[in-house]
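Input: a single structure, listed below in structure tokens.
The values are calculated or read from the model by the stated rules, or taken from the named source; none is laboratory data. Everything numeric in this text was worked out from a predicted model, so none of it was measured. All Cβ positions, glycine included, derive from the backbone under ideal geometry; neighbour counts span all protein chains shown. Accessible surface is based on the protein model in full, side chains and every heavy atom, while ligands, DNA and RNA are left aside. Shrake-Rupley method; radii C 1.70, N 1.55, O 1.52, S 1.80 Å.
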Amino acid sequence: MPFHFANVLLFSASAILFVFGSLLAGHFLRPRAPTREKSMIYECGEKPIGQAWFNFNPRFYLIALVFVIFEVEIAFMFPVASVYKSFIEKGQGLLAFAEIFVFVAILAVGLAYVWAMGDLEWVKGLKQDVLQSLRDKRQKPIDTSAKKAA
């Protein structure tokens, strides 16, 4: 067990050193010649037009969150997959498989919910608007007392 921890510790330390070493080397090696034009906002090689502050479509954040969730799924599943053979040798292969299956099933239910709510659609079309108006009409009780009084 300590050997595996040492591997993870060495890998983490080398990753951190690589990042900070690259930043430090870049700091000393890059040229320093700031100009007004270089400090302008960059928009794909074009001169900026208008304000930099504008609203983004909030759907981007929903889709980005779904993407991050499934990326985290891979980050959680890879270590189990890499040591699955040792689980089988210990007689715990079925337990590890069941844990991963439950994990993926929970994510699949979440994906089905997001899909059913239409949150994966970039632009909600007329179908969602019509369904929402039907749901709203169904939830409002019909007031028949005004018709009876007349």
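Pull up region 89-109, narrow it to residues that are open to solvent by less than 70 Å² (accessible area, probe 1.4 Å) and under 18 Å from GLU71 (Cα atoms), then point me to the one that is modelled with the highest pLDDT. Reasoning before the result, please.
Narrowing region 89-109 to residues open to solvent by less than 70 Å² (accessible area, probe 1.4 Å): 91, 93, 96, 98, 100, 103-105, 107-108.
Cutting the leftovers down to under 18 Å from GLU71 (Cα atoms) gives us 100, 103-105, 107-108.
Values: ILE100: 89, PHE103: 90, VAL104: 90, ALA105: 93, LEU107: 87, ALA108: 89.
Only one residue fits best here, namely ALA105.
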Near pairs, Cβ below 7 angstrom, 6+ apart or cross-chain, from region 6-28 (loosely packed, with under 10 Cβ neighbours inside 10 Å) to any residue that is not acidic (Asp, Glu): none
Hey, ALA33 on the phi < 0 side of the Ramachandran plot, in a helix (DSSP H, G or I) and not acidic (Asp, Glu) or not: no
Flag if ALA112 is within 18 Å of the chain's Cα centre (by Cα), surrounded by 10 or more Cβ atoms within 10 Å (Cβ to Cβ) and modelled with pLDDT under 90: yes
Qualifying residues in region 75-88 (those that are open to solvent by 100 Å² or more (accessible area, probe 1.4 Å) and closer than 21 Å to ALA108 by Cβ) - the one modelled with the lowest pLDDT: PHE76
Residue within region 36-56 that is open to solvent by less than 70 Å² (accessible area, probe 1.4 Å) and either within 30 Å of ARG135 (Cβ to Cβ) or among the polar types (S, T, N, Q) (or both) present: no
